[in-house]
1. Grab the helices (runs of 4 or more DSSP H) fully contained in the range 127-188, keeping just those with 1 or more residues being over 18 Å from Lys92 (Cβ atoms) and open to solvent by 80 Å² or more (accessible area, probe 1.4 Å).
2. Here is a check on your reading of the model: is Ile164 under 21 Å from Asn78 (Cα atoms), of a type in the set (A, V, I, L, M) and in contact (Cβ under 8 Å) with a residue 60 or more places away in the chain?
3. Would you say Ala90 is crowded, with 19+ Cβ neighbours inside 10 Å, touching a strand residue (DSSP E or B) at 6+ places or on another chain (Cβ under 9 Å) and in a strand (DSSP E or B)?
4. Do any residues in the range 65-86 that are among the acidic types (Asp, Glu) have Cβ atoms under 7 Å from those of residues that are open to solvent by 30 Å² or more (accessible area, probe 1.4 Å), where the two are at least six apart or on different chains, and which pairs are they?
5. Could you please tell me which pairs satisfy a Cβ distance under 8 Å, a separation of 6+ or placement on different chains, a first residue in the range 98-113 that is surrounded by fewer than 18 Cβ atoms within 10 Å (Cβ to Cβ), and a second residue that is modelled with pLDDT of 95 or more and in a helix (DSSP H, G or I)?
6. Check whether at least one residue in the range 60-82 is of a type in the set (Phe, Trp, Tyr), modelled with pLDDT of 65 or more and open to solvent by less than 60 Å² (accessible area, probe 1.4 Å), and report yes or no.
7. Limited to the range 114-126, what total is found for residues that are open to solvent by 50 Å² or more (accessible area, probe 1.4 Å) and small (Gly, Ala, Ser)?
Amino acid sequence: MKLFQKTWFAWLLTAVMIVAAVGIGQTKGGQREPEPLPAGDTALDESLSIEGYTDYVLDETGTLTSKQTDQISLYNANWAMRYDSIIAVAVKRSVSGNLDDYAYDLGMDIGLSGSDAILVIDASTQDAYLAASPDYPLTDSQISTYVTSALRPYVESGKYGGGILNLFLELNQFYVDNYGLGYLDNNS
């Protein structure tokens, strides 16, 4: 017990605890802050209420942080106001059957409109599918390109929230480049 009274031991114990804390933080590592919201011409209106839009985010895996859910909902609030379109998100533990069939069925079940889409991520297979309604502004080819480049690497590493926000960031840029601010833009 006299060992605990030695100053050198207290310093050693403190150093070991700091190293352990850093190690624990690094093993939880991938838990980074969500991607930043766009700025400049593509900025989102952060004053919009996200109430109601959080209902379009389902996370069975518990991997999305509340901040990520709020950012996803903020994108949807902006897109609903600007373009009358949203993207619902479902991160599922496992999807039985064909992922694209499941996504379309879920979109119909939750009552998405003709200009909406739904993103389903199957955590068990590390796969994702973005099912678009008939009037969604992107073609199937464009959707496939965005999902492959902006989302898939994140899904394959289990970083679903970061991937969804990266995809939404890219899609937001597409919307602004092609449609301006939608209904808010006097030039469109």
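The values are calculated or read from the model by the stated rules, or taken from the named source; none is laboratory data. All values derive from a computational prediction rather than experimental measurement. Cβ atoms come from the backbone with ideal geometry, glycine included; neighbour counts cover every protein chain shown. Quick note on the areas: whole protein, heavy atoms, side chains included, nothing else; ligands and nucleic acids left out. Shrake-Rupley method; radii C 1.70, N 1.55, O 1.52, S 1.80 Å.
1. 140-146, 160-179
2. yes
3. yes
4. As it stands, the answer is Asp70/Ile50, since those pairs meet every condition given.
5. Every condition considered, the pairs that remain are Ile110/Tyr56.
6. Looking for residues that are of a type in the set (Phe, Trp, Tyr), modelled with pLDDT of 65 or more and open to solvent by less than 60 Å² (accessible area, probe 1.4 Å), one finds at least one in the range 60-82, hence yes.
7. 1
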